[in-house]
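Presented below is the structure to which this report refers.
Taken together, the values in this text are just the output of simple stated rules run on the coordinates, not laboratory data. All values reported here derive from a predicted model rather than from experimental measurement. So basically every Cβ, Gly included, is an ideal-geometry build from the backbone, and we count neighbours across all protein chains shown.
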Amino acid sequence: MKSIICSKPKEFLQTEAPEPRPGPEEALVRIRNIGICGTDLHAYQGQQPFFEYPRILGHELSAEVIDAGADPRLKKGDYVVINPYLKCGECIACRRGKDNCCQYMQVMGVHCDGGMRELITVPTENAIPAEGLELEQMATVECFAIGAHAVRRARLSNKDTVAVVGAGPIGIGVIQFAKITGARVIVVDLNDQRLRFCKEILGADATINATKCPIQDLQDLTGGDKPTTVFDVTGNKSSMEAAFEYCAPGGQLVMVGLIKGRLTFDDPHFHKHELTLKSSRNGTSEDLQQVIDAIRDGLVDTENFITHRCGFDKIVDQFEAWILPETNVIKAMVEIN
């Protein structure tokens, strides 16, 4: 079985490994597609929190069931989305239905080995049928679920004006699910090409280049009010700290991106405006199903989202180029035949 290991920052090794055997309540699946995420790129560069080497990357996965075990939902040959969040089911977060922040969470490709290999075993409950979706679409579900979860955390309505700061893949998910709620969406980013994509393809109501005067631009676009909800999806310390200034009085800031280290903010400003600060982590099974339904119903764009493709044998050669801004990658997709 072919497997690709990130042995240390900026080093991949392609190896042969024995085929895994499923245990009780596990399914054996053949990986068909791997979406390349910012987490994978950051891990490759040595910039990912919660990460140890060596590690097999890959958590945005579509797969084909080889052995379904005793699960009546699945049968051999089914195509499934893999939920990469392995929960304990017993901690206080799991007991309260917040398994996305399980105290003992193991995220495939981060805390334990992921899907950059031909075969894996997963708990049968983590293999989700997605009838009506193409294999590539299935491999985008987890990425979009992070955005869907953030939007659900924010409890948006059509009365909200939203700023999404950061138009990478996760930010694109936030934009699309915020639009589904009927909210007005303003996108803030440094990259003019990404901003055009958000305006022309995703239907963002307005865009702002963050190198200019984002606070003034946000005020101008909102009649001086500023957005009622701000999502920071950058994973950039300066941006995350500046985002407190983007919120309307009484508004909320949702931190979707994360960094290694601490953030600081001005407490008098925070209290004067009675802001609400939320974090958003991963997605739940409910979010994954919402994304599957939204893609099936044509509410989420996947065709333009996937910009680069390669076969499994080309990952080592192609991966580093996907980090470079000039390659204009939004989502790279790997296919395993």
Problem - Dimensions (Å) - the range 147-279, Cα atoms, principal axes, largest first - result: 39, 32, 30
Handout entry: P(r), alpha carbons of the range 77-139 - 10 Å bins starting at zero, rounded %
Key = 21, 45, 29, 5
Fill in the blank from the handout: Under a Gaussian network model of the chain whose springs join Cα atoms within less than 10 Å, the largest fluctuation of I92, I128, I315 belongs to I92
Completion exercise
Of G224, G257, G173, the most mobile residue in a GNM of the chain (C-alpha springs, cutoff 10 Å) is G224
Handout entry: Simple label model, 7 Å out from Cα along Cβ direction - R309 to N158, nm
Key = 3.7 nm
Problem - Spatial extent of the range 206-247: Rg and Dmax, with the Cα atoms as the point set, Å - result: 10.0, 29
Fill in the blank from the handout: Given unit charges at Cβ for Lys, Arg (+) and Asp, Glu (-), the dipole magnitude of the chain about its Cα centre in debye, nearest 20, is 620 debye
Practice task
Please identify, among V187, V151, V122, the residue showing maximal mean-square fluctuation in a Gaussian network model of the chain using a 10 angstrom Cα cutoff.
Solution key: V122
Practice task
May I ask for the longest run of the chain untouched by GluC sites (Glu not before Pro) that are loop-located per DSSP and have at most 12 neighbouring C-beta atoms (other than their own) within 10 Å?
Solution key: 132-273
Exercise for the section: Filter the trypsin sites (Lys or Arg not before Pro) in the range 1-57 down to the DSSP loop ones having no more than 12 other Cβ atoms within 10 Å, then list what survives. Expected result: K10
Fill in the blank from the handout: Sorted largest first, the Cα spans of the chain on the principal axes come out in Å as 61, 42, 37
Completion exercise
Residue by residue through the range 230-245, the couplings from Karplus 6.51 cos²θ - 1.76 cosθ + 1.60 with θ = phi - 60°, in Hz, x for Gly and Pro, are 10, 9, 9, 10, 8, x, 10, 4, 4, 5, 5, 6, 5, 4, 4, 7
Exercise for the section: Please work out the C-alpha center-to-center distance from the range 78-95 to the range 268-337 and express it in whole Å. Expected result: 19 Å
Exercise for the section: Starting from the Kirkwood radius over alpha-carbon pairs of the range 1-147, derive D by Stokes-Einstein at 10 °C in a medium of 1.306 mPa s and give it in µm² s⁻¹. Expected result: 102 µm²/s
Fill in the blank from the handout: For C112, placing the label point 7 angstrom along Cα-to-beta-carbon and taking the range 124-138, residues whose amide nitrogen sits under 14 Å are 124-127
Practice task
Would you calculate, for the chain, the mean residue ellipticity at 222 nm contributed by helices, counting each DSSP H stretch of 4 or more residues as -39,500 (n - 2.57) and dividing by all residues, to the nearest 500?
Solution key: -7500 deg cm²/dmol
Exercise for the section: Check each of the trypsin sites (Lys or Arg not before Pro) in the range 187-283 and keep only those in coil by DSSP with at most 13 other C-beta atoms within 10 angstrom; list them in order. Expected result: K212, K260, R262
Handout entry: Chain lengthening between S7 and C213 when straightened (0.36 nm per residue, less Cα-Cα)
Key = 69.9 nm
Completion exercise
For the range 197-337, shape from the Cα gyration tensor axes a ≥ b ≥ c, cut at a/c of 1.5 then a/b versus b/c, turns out prolate
